[in-house]
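The values are calculated or read from the model by the stated rules, or taken from the named source; none is laboratory data. Everything numeric here is computed off the predicted structure, so don't read it as measured data. Every residue, glycine among them, receives a Cβ derived from its backbone with ideal geometry; neighbour counts consider all protein chains shown. Side chains included, ligands, DNA and RNA excluded: accessible areas come from the protein's heavy atoms. Shrake-Rupley method; radii C 1.70, N 1.55, O 1.52, S 1.80 Å.
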Amino acid sequence: MTYRELYEYGRLALEAAGVAESALDARLLLEYICRADRNELLVHGDCERSSMEEQFYRTVIEKRAARVPLQHIVGEQEFMGLRFKVNEHTLIPRQDTEILVEEAMHHLSDGMRILDLCTGSGCILLSLLQYSNECEGVGIDISDKALMIARENAKRLGLEAAFLEGDLFAPLADFVSDKTTDRLFDMIVSNPPYIETAVIGTLMPEVREHEPVLALDGGEDGLYFYRKIVAEAPNHMRKGAHLFFEIGCEQGDAVMSLMREAGLMQVEISKDYAGLDRVVSGVKG
Ligand code: GLN
């Protein structure tokens with residue numbers, strides 16, 4: 001089969017399976033299997049491909065038709081211009097989360113100490129480290145399997161960060177007693193699980209069946225982690241330090257109230273490119 005025939009087969013199979021971006025995914029998978037770029041497919045559409053490639057393409061199309069996320073098939077996702085390895089143990093980095101990184105970057109200076117809670121693939125922390133100099137980064141996650149991916153991502157990017165396993169701030173107790181350095185952070189960032197438990201079953205199959213529920217479930221009202229983090233964060237922040245959260249688009253008021261009640265100052269919301277509330281930040285006075 002030619003590139004064009006393979007692509008048509010893939011597109012139709014994905015469309016029939018109800019995949020939202022069937023044409024895009026069929027093309028990206030073809031590029032992945034044939035190690036080709038978009039231009040190559042366009043210019044050489046009539047080029048006959050080997051039966052081996054056809055076989056591989058059919059296999060990945062079947063997987064995608066079974067609603068395995070594209071990123072789990074190709075093994076990575078681009079985020080902030082960087083490539084992050086992902087698997088079924090990590091949330092796939094989302095474009096919305098780039099808003100959090102961009103907002104944080106406005107307040108990031110060289111040499112700062114940054115803490116990322118619920119770090120997952122490490123995409124937030126590692127992006128901040130990539131685009132700054134001599135910052136010290138600590139990422140915490142309760143999933144050791146996610147941390148394996150975060151550490152691999154750090155290595156792939158040539159960055160150094162400490163990835164600690166445990167529940168929110170808990171691992172810091174041992175970590176800082178090991179060291180003589182100041183235990184306070186200049187910035188805390190987090191994209192915690194924030195989906196209401198009852199909503200998870202209604203999400204698209206790619207998410208509900210293939211992404212880790214641990215990275216999605218924010219408790220009955222979705223606010224479980226914001227409450228826990230906000231209650232403890234000020235104890236770990238230097239005066240003037242920033243706290244940044246990604247939020248679900250309807251959680252802005254609730255998370256702002258939590259932050260104000262905890263005594264944080266300059267509490268504000270930033271919107272995403274769809275004009276929805278996406279990030280809440282505050283400063284320790
Ligand atoms: N911090 C990671 C991300 O933003 C993981 C977040 C999570 O697991 N909820 O992609």
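Placing +1 on each Lys and Arg Cβ and -1 on each Asp and Glu Cβ, with no other charges, gives the chain a dipole about its Cα centre of roughly 340 debye.
First measure r as the distance between the Cβ atoms of residue 228 and residue 66, then evaluate 1/(1 + (r/R0)^6) with R0 = 25 Å and state the FRET efficiency to the nearest 0.05. That pair, residue 228 with residue 66, gives E of 0.10. Projected label points at residue 204 and residue 130, each 7 Å from Cα along the beta carbon direction, are separated by 2.3 nanometres. Our coupling estimate for the range 131-147, obtained by passing each phi through the Karplus curve with A = 6.51, B = -1.76, C = 1.60 and θ = phi - 60°, is 9, 9, 10, 6, 7, 9, x, 10, x, 10, 8, 7, 9, 5, 5, 5, 5 Hz, Gly and Pro reported as x. Kirkwood's formula applied to the C-alpha pairs of the range 164-285 gives a hydrodynamic radius of 15.5 angstrom. Would you please state which residues of the range 27-51 a label at residue 12 would reach in this model, taking the label point 7 Å out along Cα→Cβ and a backbone N cut-off of under 16 Å? In the range 27-51, the label zone of residue 12 (backbone N under 16 Å from the point 7 Å along Cα→Cβ) covers 27. Ignoring any ligand, DNA or RNA, what whole percent of the accessible area of the chain comes from carbon and sulfur when the probe is 1.4 angstrom? Its accessible area is 50 percent carbon and sulfur atoms.
With 30 Å as the limit on Cα-Cα distance, the pairs of 145/228; 145/284; 155/239; 63/228; 63/271 that go past it are 145/284; 155/239; 63/228; 63/271. When the Debye formula is applied to the Cα atoms of the range 134-233, each taken as the same point scatterer, what base-10 log of I(q)/I(0) results at q = 0.10, 0.18 Å⁻¹? Log10 I(q)/I(0), no solvent term: -0.34, -0.99.
When 236, 106, 44, 89 are compared by accessible area of protein heavy atoms, the largest-first order is 106, 44, 89, 236, using a 1.4 Å probe. The percentage of C-alpha pairs in the range 88-172 whose separation is greater than 20 Å is 27%. Mind running the shape call on the chain? Use the C-alpha gyration tensor, a ≥ b ≥ c as the square roots of the eigenvalues: rounded below 1.5 for a/c, prolate if a/b tops b/c, oblate otherwise. Verdict is prolate for the chain. The convex hull drawn around the Cα atoms of the range 228-285, when projected onto a plane and averaged over every direction, covers 3.7 nm². Cβ-Cβ distance of residue 184 and residue 23, R₀ of 35 Å, FRET efficiency by 1/(1 + (r/R0)^6): the value works out to about 0.10.
Think of each Lys and Arg Cβ as +1 and each Asp and Glu Cβ as -1; about the Cα centre, that makes the dipole of the range 1-77 roughly 220 debye.
Per residue, how large is the accessible surface of the chain? Use a 1.4 angstrom probe and give square angstrom.
On the way: 13900 Å² over 285 residues.
Ligands and nucleic acids excluded, the figure is 49 Å² per residue.
Ordering 257, 201, 143 by Cα displacement along the dipole of the chain toward the positive end leaves 143 in first place; charges were set at the Cβ atoms of Lys, Arg (+1) and Asp, Glu (-1).
Loop-located trypsin sites (Lys or Arg not before Pro) in the range 165-262 (DSSP state not H, G, I, E or B) with no more than 12 neighbouring Cβ atoms inside 10 Å: 179. Taking each DSSP H run with n ≥ 4 as -39500 (n - 2.57) and averaging over every residue of the chain yields -12000 deg cm²/dmol at 222 nm. Magnitude of the charge dipole for the range 45-195, about its Cα centre and with charges confined to Cβ atoms of Lys, Arg (+1) and Asp, Glu (-1), is about 400 debye.
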